[in-house]
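Novice: Dumping the structure here so I can ask a few things about it.
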């Protein structure tokens, strides 16, 4: 089975116990914990979707990978981001990105890890042409002449399906439509052939037809270029269609991690369930859509326990008040390849508190990638 | 370990910093007002402006050569009262009314404000007609310009009465009647009271009388020198040239070129500074709103012509035009105010135009239009309140620049001759020599006043800017 | 782009016309009118008959008997490079000249060439003055010269005002001419007098000759004291330009540096300190700053570091351009001397500007540093320097460009005050003096230059903006 073979691979990137905080509002307010012990891993050619509502720490986690969070006011409290798996004895150049110097980091940014943002309208510099902005990245990371860089930029535009790329290169962002700009952003991100693409809600600001086009484009490019995608979204439809693995985030923590089918079919964490129930279903008539918290209750005090399916007395999923999930709540591999945030009640159960590593691609993707 | 509230993502949490704990007033204006009052800049600025207002109102009480009361040659009299000018009286009475109205807590602020404005304009109108009458009696053929100004002032006063009275009526029938009666009483009393000081004032008479021991007792103001008291007697009485004396105890800021007390002149000059700032900016704002509003509402060719007007007026340096007008038309405070106002509307007009261009597409404006609301009402009742708040910021800076302009003109020697003004005092500083009081105090006064208005403007801008909330 | 510039240039003219009209009519409708303080050629106050004459001459010079709008048109015609000729521009053509000479030929008093040329000049002058045909005029003048009373009538006809003493003198000399019958000495005197009177009257360019409009030299006219306005401006404008050209780069350099630094270290000591200091500095009136600077830095009593007035030392014209050492020791030279004189005035002009600009710069930088496209640039791997300069700074310059046009006229106004305080003979001081003297030509010329300066700076601003910001379209 191909899946077995791929399992031998090391994760491309592994985030462990990442904590990022910002100053709270007001003078003496405690710092706001935007990411609170996030554990993640992405394998080559895998699409990991991070789902959660606004402010759950999705973007912060992604931006931490590139260290794009301004410090101050932000601060990296704890954790490590391991690029190309040091822990598993993989590549020699694997290392902790958080410990990288600024110069080392710049070599990663745009080159090995690229990022596209939610707002294509404002994410491009209004005073430079498309060409200049794409070429800037190319010239930074590759030793090429300007003419070669122009060719690369042109090819990048062609790759993202922009007609007449040569003349588009000379245009300014304001001359393009929103969908076109997002294509340009993708072209810019992919111009240097990164191994990992961080897509921070790439389609949120676009209208539905354009959304579909952009996602299709991302899938196509992923197949062609063999890259991994960290897809941040709060659109479950997008997740269902695109992701291999899903990480559900809430209040700065990963609350559930697993295969996309597993998460959609047998969600365990009440928050995930709430999230799924809040999604309208076509053809089903309801008086009132459920909100996320209809499935659970308010975040600060979930009931002392909630049902983990199947019932397993070894885990007490939620403990304590105040800090959601409790201080000792960890991601536990409750079922094989299914991690849920909960607190272990027995000692052998605690052994299941592992880092989520899930080398899985959906069949169609795997076939496409290996063929 | 820090306590984790449900973490809002950084950057997109427009939460009000300190205000998060206390409940905010609902309305936008209320929030802005609270943010404004919470800033030290606003407090300091407003404090200084209030100080200036007090100085302006009480100038004759603070600095005057005339004794409040004295007994000379066996007779008790009040030269101070005899020499009180109409302006002095209007200011003092108006202030007194304001204080009295402050007591009536039950009446709404708007009604009290309206009543105060009504009473003040009544007083001003009475004073103006009275002065006009005296002027016509004394010099029947000369000075049609001044009479014109006075007639205009009267008309403004009457207009204010007509506009304000209906608003004051909101206070209720009895209050309205009371306010009206009190106003008529004060006004009538004012008319019959002789508020015309003798034309030629001999300031030295009190000192000479005292020196000749003709005075039994007298009560003098804290600073016993009028702004125009040039101490003509000092040379013969003490043998000291009273001109350009450095600060001493008797003259805390020294004396000027003519021998007048600088502090006294500075106190009396607050009136010009405040008046020119408020009136000139008032005219400019009114014109700007009118022209800008029309441009923005009608757009098209009205806008095109308006923009050319804007260009013309922004291409003429105001101060140059002013210098020219003063040179060609003579020195006149009212004219100066009007000119600063007439040339200063451009900024407000551009702003209101942009705002109205946006607003005219709004549904509620279209709706008002569809309901057959008259144009006047659409412009000023429906559109203006939605676009006017930031104009206040501009106006605050406008007042500062009007004060600067007036002092610059006076500095260049184009201001009023007899009336004291800060700029005119500063002008003398160039020839002051040892009199460092002239170098520092008038300049400091201009600086502080301009600074105060700028601080208020900045604070207002910050309060209006939602980004500054955190 | 080109059509945009052209359109803007075309729009510039109505505006300039409007500015000039406002200033002109403000003067024209003033109760005193132009030159209300009648000054004679020496600039002294005149009285009685002389005053009346001078006033009359002024009236004719400015065409004050015309309707006010026509006066304005006349001034515009005078300034415009294309227009109708005015009497002062009138020169007889060769043919006309020959005709005139023919009329005088054979006359006993015109025997000598010098006399002939003088007479011709009279004809030219009067022809320009009264719109008469030169030939007719020459014949009439020849006839008149034989009848002195008619000469006087003639003068009254063209409204040349002579004082009583002058009239008597003229009658006497012309009478003498008749008695002596051919004695050339007296005739010479008459003609001299005629010339003097006519030259004085005509110096004030009278009527426009409505030929076909033609190219001509634009003429800014003469000041009340008879100086050529154009010449005067050529003398003064460079001084003001020098002040502004020193001030503007200084403002920008200081504003950009401090604004950048404050934005980079937001909330730091420099940011907080400079924020408060600049708000204060912005409120310091120029007049006070000037007085303080002069009192404390250019005064024997305190520090005599800088000169208090003027642009050059008295001996500056004798100095070498560059500093040098010679027998007398160090000589600072013309350049250094000028710079030394400029320190205080320029300081006085810039502080307000950079207070405002640096605030704007800081605000723009802060906005842009947190903008999405800066995050994109960082994500691309652009180094911090590149992010700062190529992305954030490049966008922050835009509001500064908008402010140039605000600052140029402001500096022009600022130079009124600064030039007056520091007694520098620049355009600003000239404008103030012109207004004080009610000198119409000078006021109008200053307005013209000032208005042109303001409008061109606005045009340059818009062009710069259009170049710097691709989002601005030229349409």
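FYI, it's all coordinate maths here, none of it is from the lab. Fair warning: this is a prediction, and the values are worked out from it, not measured in the lab. Virtual Cβ from ideal backbone geometry, glycine too; neighbours counted across all protein chains shown.
Novice: To one decimal place, what orientation-averaged projected area in nm² is obtained for the convex hull of the Cα set of segment B:327-470?
Specialist: Details: hull surface 50.2 nm².
Average of the hull's projected areas for segment B:327-470 equals 12.5 nm².
Novice: Could you give the nm distance between label points at residue B:96 and residue C:372, where each point is 7 Å from its Cα heading toward the beta carbon?
Specialist: Placing both labels 7 Å beyond Cα along the Cβ direction yields 6.5 nm.
Novice: Please list, by residue number, everything in segment A:33-73 whose backbone N is under 12 Å from a paramagnetic label point 7 Å out along Cα→Cβ of residue C:269.
Specialist: From segment A:33-73, the list is empty.
Novice: Another question about this same structure. For peptide A:123-130, what's the mean number of Cβ atoms from other chains within 10 Å of each residue's Cβ?
Specialist: 6
Novice: Extending each Cα 7 Å along its Cβ direction at residue B:444 and residue C:228, get the distance between those two points in nm, one decimal.
Specialist: About 5.3 nm, to one decimal.
Novice: Could you line up C:380, C:68 from fewest to most neighbouring Cβ atoms inside 10 Å?
Specialist: Placing the least packed residue first, the sequence is C:68, C:380.
Novice: Another question, if that's okay. Order these peptides, C:463-473, C:434-444, by their mean beta-carbon neighbour count within 10 angstrom, highest first.
Specialist: C:434-444, C:463-473
Novice: Roughly what % of Cα-Cα distances in segment A:154-209 sit above 14 Å, to the whole percent?
Specialist: The calculated P(r) of segment A:154-209 puts 55 percent of pairs beyond 14 Å.
Novice: Could you give me the radius of gyration and the Dmax of segment C:414-475, taking only the C-alpha atoms into account and expressing both in angstrom?
Specialist: Calculated on Cα positions, Rg and Dmax stand at 16.4, 49 Å.
Novice: If packing is taken as the average count of other Cβ atoms within 10 Å, what order do A:109-116, A:144-151 fall into, highest mean first?
Specialist: A:109-116, A:144-151
Novice: I've got another one for you. Assuming 1.306 mPa s and 10 °C, estimate D for segment B:265-415 with Stokes-Einstein, Rh taken as the Kirkwood radius over Cα pairs, in µm²/s.
Specialist: 97 µm²/s
Novice: Would you calculate the separation in nanometres between label points at residue C:304 and residue B:54, each defined as 7 Å from the Cα along the Cα-to-beta-carbon direction?
Specialist: Taking the two extended label points, one gets 4.6 nm.
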